[in-house]
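Remarks on the structure that follows.
The values are calculated or read from the model by the stated rules, or taken from the named source; none is laboratory data. Source: prediction; values computed, not measured. Heads up, the Cβs are rebuilt from the backbone with ideal geometry, glycines too, and the neighbour counts pull from every protein chain shown. SASA here: full protein model, heavy atoms, side chains in, ligands and nucleic acids out. Shrake-Rupley method; radii C 1.70, N 1.55, O 1.52, S 1.80 Å.
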Amino acid sequence: MDARETTDRFHLDVYGRYPVTLERGEGAWVWDTDSNRYLDALAGIAVNSLGHCHPAVVEAVRRQAGRLMHISNFYYSRPQAELCRRLAGLTGLDRVFLCNSGGEAMEGALKLARLHGRKHGKEGPVITLENAFHGRTVATISMGMEKYAEGFGPLLPGFRRVPLNDAAALEEAMDGQTPALVVEVVQGSGGLHTATGDYLRLARTLCDRHGALLVVDEVQTGVGRTGKMFAWQHSGIRPDIVALAKAMGGGFPVGAFAATEEAASAMDHGAHGSTFGGNPLACAAANAALQAAGEQDLAGAAAEKGRWLRGRIDEELGPTGLVREVRGMGLMLGVALSFPGRDVVEGMLRRGVLSNCTQGNVIRLVPPLVISQVQLEILADVLAASVREAGGRQTEERES
């Protein structure tokens, strides 16, 4: 059996895979087992911001794998110490916990927020936003989009959802019993809806007023994706806790949450832990990835390239009526179509570009931040052709 047949036979059938077996990658390109080349506009779902197999990350992993891959967190390691120092400096926060994924980062952030709230006598619900996605654990599906929670009840109590960018609803929901407010600045799986600067500044003000913690989920937006190192920086606020993963490891699985000293002080020895979190191999990869992201100014690149791509999409598809709007920030864009987007993704795949559809009709574009101008033009041309093709077919079907 080949990889596809073997996977279909043995893997838990939870993914709607496309019939492509990818074998290697370099920069923004990937190749399948038949030597077909694809431009990757999905980047492992915003993971490969440095592109595939960035030399600095590859060398760091190779070197560390030959020295020390895993130890218990009963002991210290230099890669872990360096990564904690680096993340504290980048976020402006004081304490860091290292884990393996975005879901784990959000679990830890939630545990810290609840523990902090209880220690201050706050028994109210954690406030979350409608249409948010924070992971696939029982806790994170309890606080996010309902479609990811179907069939998994009973869910965890202690959450209250409010609409994004609805100032009145947020003010009404928060009071002195609120332990925390959890925000995605750009709702990656929720259709690329974006929190406004005014809304985030109000969130910070309300958290300060009520003694609640502001938790920002930067799992998908972090490390330059939106045109700043972190998406919250566009609004000038500072969170109390921030969750990170995805691009942080340059393709290697790693996650973290960082917190202020005051928030972090709620946890004592034994309150949280992770067997693999912060292992030397993952930390070496993350250190290399974060250093390269800074040296290559990925945030600046995302801002510039995102402006160009958004403008090109508006120019090519705006007049057609097939696109309702383009959402997002930097190189994290959502092209909201006036019809279902599955056919567009398949059309792009046939033309050699990997993409993704979320919320049924939003084409999510999160290419590597190292994507070249020539590659951006390929992406724009393929998107436009695929939208026109699929949109025309939808129109014909409605009229027939």
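If the only charges are +1 at each Lys and Arg Cβ and -1 at each Asp and Glu Cβ, what is the size of the charge dipole of the chain around the Cα centre, to the nearest 20 debye?
Its charge dipole is roughly 780 debye.
Shape call for region 149-208 from the C-alpha gyration tensor, a ≥ b ≥ c root eigenvalues: rounded (a/c under 1.5), prolate (a/b greater than b/c) or oblate?
Oblate is the answer for region 149-208, as a/c is 1.5 or above yet b/c matches or exceeds a/b.
Give me the percent relative contact order of the chain, please, defined on Cα pairs under 8 angstrom at least 6 residues apart.
22
Using the beta-carbon distance between LYS147 and LEU12 and R0 = 22 Å, what value does 1/(1 + (r/R0)^6) give for FRET efficiency, to the nearest 0.05?
E between LYS147 and LEU12, to the nearest 0.05, is 0.70.
Per residue Cα convex hull volume for region 9-162, in cubic angstrom?
Output value, Cα hull per residue: 207 Å³.
Among PHE74, VAL185, VAL326, pick out the residue whose Cα is farthest towards the positive end of the charge dipole of the chain, where Lys and Arg carry +1 and Asp and Glu carry -1 on C-beta, about the Cα centre.
Among PHE74, VAL185, VAL326, the one farthest towards the positive end of the dipole of the chain is PHE74.
What does the convex hull of the Cα atoms come to per residue for region 214-305, in Å³? List each step's numbers first, then the result.
On the way: hull volume 9.5 nm³, N = 92.
That works out to 104 Å³ per residue.
Based on alpha-carbon centroids, what's the gap between region 331-400 and region 201-242 in Å, whole number please?
30
Of all beta bridges DSSP finds with both residues in the chain, what is the antiparallel percent, to the nearest 5?
About 70 percent, rounded to the nearest 5.
Translational diffusion coefficient of region 264-400 at 4 °C, 1.567 mPa s, Stokes-Einstein with Kirkwood Rh over Cα pairs, in µm²/s as a whole number.
75
Between region 259-311 and region 111-171, how many Å separate their Cα centres?
23
Give the average over all directions of the projected area of the C-alpha convex hull of region 81-134, one decimal, in nm².
Computed as one quarter of the Cα hull surface, the answer is 4.9 nm².
Give LYS246/LYS305; LYS111/LYS246; LYS119/LYS147; LYS122/LYS228 a once-over and call out the pairs whose C-alpha atoms are over 28 Å from each other. Numbers along the way, then the final one.
Details: LYS246/LYS305 20 Å; LYS111/LYS246 21 Å; LYS119/LYS147 33 Å; LYS122/LYS228 33 Å.
In this structure, LYS119/LYS147; LYS122/LYS228 lie more than 28 Å apart at Cα.
Protein chains only, probe 1.4 Å: how do TYR148, TYR75, TYR38, TYR18 rank by accessible area, largest first? List each step's numbers first, then the result.
Working: TYR148 45, TYR75 150, TYR38 20, TYR18 75 Å².
The ordering from most to least exposed comes out as TYR75, TYR18, TYR148, TYR38.
Give me the log10 of I(q) over I(0) for region 32-122 at q = 0.16 Å⁻¹, as the Debye formula computes it from C-alpha points; what are the numbers?
-0.98
Dipole magnitude of region 259-400 about its Cα centre, charges +1 at Lys/Arg Cβ and -1 at Asp/Glu Cβ only, in debye to the nearest 20?
360
Obtain the nm distance between the two label points defined at SER35 and HIS210 by a simple spin-label model: each point lies 7 Å from its Cα along the Cα-to-C-beta direction.
Result: 6.2 nm between the two label points.
At 1.4 Å probe size, put SER265, SER35, SER49 in order of accessible surface, largest to smallest.
SER35, SER265, SER49
Let me check the size of region 170-271 from its C-alpha atoms; what are the radius of gyration and Dmax in Å?
Cα only, region 170-271: 14.2, 41 Å (Rg, Dmax).
Quick one: give the max-minus-min coordinate of the C-alpha atoms of region 23-77 along each principal axis, largest first, in Å.
45, 21, 18
Just subtract the alpha-carbon distance of THR137 and HIS269 from 0.36 nm times their residue separation and send over the number in nm, one decimal. Mind showing how you got there, number by number?
Working: separation 132, 0.36 × 132 = 47.52 nm, distance 2.37 nm.
Between THR137 and HIS269, full extension yields an extra 45.1 nm.
Could you give the accessible area per residue of the chain, probe 1.4 Å, as a whole number in Å²? Walk me through the intermediate numbers first.
Numbers: 17980 Å² over 400 residues.
Heavy-atom accessible area per residue stands at 45 Å².
What number does region 123-184 give for Rg over Rh if you use C-alpha atoms and the Kirkwood radius?
Answer for region 123-184: 0.96.
Taking 0.36 nm per residue of separation and subtracting the Cα-Cα distance, what length does fully extending GLN291 through GLU325 add?
8.8 nm
Taking all protein chains as present, what is the carbon and sulfur share of the accessible area of the chain, in % to the nearest whole number, probe 1.4 Å? Before the final figure, lay out each step's value.
Details: 9070 of 17980 Å².
Solvent-exposed carbon and sulfur of the chain make up 50 percent of the total.
Just to verify a number: what accessible area does LYS147 come out at with the full protein assembly present, 1.4 Å probe, Å² rounded to tens?
100
Would you mind getting me the FRET efficiency between ARG388 and ILE71? Use the beta-carbon distance for r and R0 = 60 Å, nearest 0.05. The partial results should precede the final answer.
Details: r = 55 Å, r/R0 = 0.92.
Rounded to the nearest 0.05, the efficiency is 0.65.
Identify the residues of region 152-178 with backbone N under 20 Å of a label point that sits 7 angstrom from the Cα of LYS119 along the Cα-to-Cβ direction, or state none.
176-178
When all C-alpha to C-alpha distances in region 290-345 are sorted into bins of 5 Å, what percent of pairs does each bin hold, rounded to whole numbers?
Using 5 Å bins, I get a P(r) of 4, 18, 23, 20, 14, 9, 7, 5, 1 for region 290-345.
List the pair-distance distribution P(r) of the chain, using every Cα-Cα distance, as the percent of pairs falling in each 20 Å bin from 0 up to the bin containing the longest distance, rounded to whole percents.
27, 58, 15, 0
Counting alpha carbon pairs within less than 8 Å and at least 6 residues apart, what relative contact order, in whole percent, applies to region 102-234?
25
Convert each backbone phi in region 256-264 into a coupling constant with the Karplus relation 6.51 cos²θ - 1.76 cosθ + 1.60 (shift: θ = phi - 60°), then list the ³J(HN,Hα) values in order as whole Hz, x for Gly and Pro.
Working through the residues one at a time gives 6, 10, 10, 8, 5, 4, 5, 5, 5 Hz.
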